[in-house]
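Below is one structure, written out as structure tokens; the observations come after it.
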Amino acid sequence: MENGQKTVHIKTFGCQMNVYDSDRMLAILGQQGFRSEPDLKSADVILINTCSIRDKAEHKVLSLLGELKPLKEKYPGKVLGIAGCVGQRMGRTLLQRVPHLDLVFGPDSVDRVGILVDAVMKEGRRTVEAKFDADGRSYSQPSIIHRAKPSELLTIIKGCDHFCTYCIVPFVRGREKSRPIAEIIQDVKGFVAAGTREITFLGQNINTYGKGTPEKLSELIIAADQVEGLERIRYLTSHPRDLGPDLIAQFGTVPKLCPALHLPFQSGSDAVLKRMSRLYTRDEYLAKVDRLRERCPDLALSTDVIVGFPGETDADFEQTLQVLRAVQFSGAYLFKYSPRPGTRAFDYGDEIPERVKEERLVKAQDVVLPLIDRANLGMVGKTTKCLIEKLDKKQRYYTGRNPYNTIVHVLNAGEACLGKIVDVEITEANGSNLKGYYVGAPKTDRQYQTG
Ligand code: SAM
Ligand code: SF4
């Protein structure tokens, strides 16, 4: 505590939605007088915003909690809290298992972080809050714009109604609920006024945005496209079944919608897709890819794949490799299946040995990574438009992304380029990243806060 001002550090694991939630918690605590402390161990309040999508993600959190035990014993006045999906899944059990933990809460309690932290600080009460707010299909959560980065994330729908048989998300994030378009557009305008140029709309199952209300994602995209000063729109994550013709038709036609889409296929085998309850077949997935590329030939597609799902045979896995070969993906997140207690697939039994999962993961990487490398090598010598977002972690150069969502290190960019879209001539491709030099003048001279 410096000059009596309380400090908070939030460590974030997991998806972009958690990044968004952590930002929101910082903003709420900021309004209560907290200062953000970059050093975890020095903060008065340490919150860990967690992910439970795979077993490994949960283990990381539990081992971090173990590492923090001596710190909490030395400084019992510090508040140690778990937020997010592990908090939701384990609730009171976690508080019982970890005696040095003060606070546990789930994703639906993000907005109550101030009240919860206060209860622990003032009343010394160990607290758990792991329930979903139960009212209606829509919800309201205007952003607190305490700083604006060139590219901002914005959650527009929470929860998921799909219940894919391997997935914990519906259990830890509840049913789908959407924010109204008018409120989202207010947020977008607020961010743009503060300097943001690119907005990524977030949802676990974003294509069904507006379900149970009269509003649709394609309408939100049109409304956002009309916001003056906004340059780029993206959204994730799409479910192949719910990506309808109205959304497909917008790629290549709505000017600000970037030609990039994350469309997880998970498995190339219809038998596995059925057991995953994904509600589409391989051919239906590939037909959507064709339609997307007819509308927008330069569309960059990225995907998620799970290998070693219970019962996956060599032949099933070969079909996954075939899809990876057939669709030129610009990025692919490859995961070994991780059994999650409470999901339907958990009761199928974890039939595929770890060694086989590992082998399949490596084989899938060997197929997809060279294709991504080759596509990126093809960019060398070309010019691409890049929104400069930040200094890289080691502070060597500024990085940004092109419309296709590829990370570009811009070797000659300085602070003046931050938040601007510049033409970058690519000189080198390094795995999934590109390197190059900007040419010509930055497009506008807006000033951005870097946060
Ligand atoms: N809603 C998105 C969709 O339907 O594609 C994905 C959300 S999930 C947070 C991100 C990815 O994690 C999934 O696409 C899937 O590939 C992976 N995943 C989810 N549950 C998993 C599990 N039990 N084991 C391994 N990977 C898993
Ligand atoms: Fe999980 Fe995505 Fe399936 Fe929902 S649609 S259950 S978030 S994998």
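Structure values in brief
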| quantity | calculated |
| --- | --- |
| Simple label model, 7 Å out from Cα along Cβ direction - TYR139 to GLN32, nm | 1.8 nm |
| Fully extended contour minus Cα-Cα distance, from ALA193 to LYS11, at 0.36 nm per residue | 62.7 nm |
| Convex hull volume per residue for the chain, taking Cα atoms only, in Å³ | 149 Å³ |
| Contact order normalised by residue count of the stretch 237-363, Cα under 8 Å, 6+ apart, percent | 26 percent |
| The chain - percent relative contact order, Cα under 8 Å, separation 6 or more | 11 percent |
| Rounded to the nearest 20 debye, dipole of the stretch 59-173 from Cβ charges on Lys, Arg, Asp, Glu | 360 debye |
| Cross-link partners of LYS11 among lysines (Cα-Cα below 20 Å; sequence separation of 8 or more within a chain) | LYS41, LYS56, LYS60, LYS69, LYS72, LYS78, LYS149, LYS390, LYS393, LYS394 |
| For the stretch 316-325, Karplus couplings with θ = phi - 60° (6.51, -1.76, 1.60), whole Hz, Gly/Pro x | 4, 5, 4, 5, 5, 4, 4, 5, 4, 6 |
| Listed residue (PHE346, VAL362, THR399) projecting farthest to the positive dipole end of the stretch 336-399, Cβ model | THR399 |
| The stretch 1-148: C-alpha pair distances exceeding 18 Å, % | 54 percent |
| J(HN,Hα) series, the stretch 161-168, from Karplus relation 6.51 cos²θ - 1.76 cosθ + 1.60, nearest Hz, glycine and proline x | 9, 7, 6, 4, 5, 9, 9, 8 |
| Estimated FRET transfer efficiency when R0 is 41 angstrom, pair ALA416-ARG374 (beta carbons, to 0.05) | 0.75 |
| Those aspartates and glutamates that a straight Cα-Cα span of less than 13 Å connects to LYS288, excepting residues fewer than 8 apart in one chain | ASP242, ASP246 |
| Cysteines having no other Cys beta carbon under 4.7 Å from their own, within the chain | CYS15, CYS51, CYS85, CYS160, CYS258, CYS296, CYS386, CYS417 |
| Semi-axis lengths, Å, the stretch 81-189, gyration tensor of Cα atoms, sqrt of 5 times eigenvalues | 27, 20, 12 |
| Mean-position separation - Cα centroids, the stretch 98-135 and the stretch 203-281, in angstrom | 33 Å |
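Bear in mind these aren't lab numbers, they're just calculated from the coordinates by the rules spelled out. Because the structure is a prediction, the values reported are computed rather than measured. Backbone-built Cβ (ideal geometry, glycine too); neighbour counts: all protein chains shown.
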